[in-house]
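Working notes for the structure below.
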Amino acid sequence: MNSFPEDTDPNWRVQGSCIGADTDDFFPEGQGKAVDAQIARAKAICADCPVAQTCVEFALRTNQPFGIFGGTTPSERRTIRKERKIVAA
Ligand code: SF4
């Protein structure tokens, strides 16, 4: 049976640097400069997060369709998933 980081430490979310941050920045809607700024703010917070790797792996494993997780956008996670499938093939 596989073990996932979030399984071994179920409290990882409360260790995130985004606790107390503006959730709109992590779940921006639409596009344009304002959204780009929100994404940049979220990514800057993720960059210093102690659980960033766990967070992005959670988002990849659960196929989160929205939001910034571990400093990645949904589009970036799609790219990671594609790359991993290619490597695994
Ligand atoms: S990586 Fe980003 S979204 Fe994930 S817990 Fe840390 S700050 Fe929050």
Unique residue being more than 10 Å from the ligand (Cβ to nearest atom), modelled with pLDDT of 95 or more and either of a type in the set (D, E, K, R) or closer than 21 Å to residue 84 by Cβ (or both) when the list is 48, 7, 36: 36
Within segment 10-33, tally of residues that are farther than 19 Å from residue 75 by Cα, modelled with pLDDT under 95 and outside any helix (DSSP H, G or I): 2
Residue list for segment 65-89, filter: out of contact with any helix residue (DSSP H, G or I) (no Cβ under 7 Å at 6 or more places or on another chain) and either in a helix (DSSP H, G or I) or at pLDDT 95 or above (or both): 74, 75, 76, 78, 79, 82, 83, 84, 85, 86, 87, 88
Subset of segment 42-69 (residues that are closer than 12 Å to residue 27 by Cβ and over 8 Å from the mean Cα position of the chain (by Cα)): 42, 64, 65, 66
Output for segment 12-22, where each listed residue is free of Cβ contacts under 8 Å to residues at least 24 places away in the same chain and either aliphatic (A, V, I, L, M) or within 10 Å of the ligand (Cβ to nearest atom) (or both): 14, 19
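The values are calculated or read from the model by the stated rules, or taken from the named source; none is laboratory data. It should be emphasised that the depicted structure is a prediction, and the values quoted were computed from it without experimental measurement. As a convention, Cβ positions derive from the backbone with ideal geometry for all residues, glycine included, and neighbour counts pool all protein chains shown.
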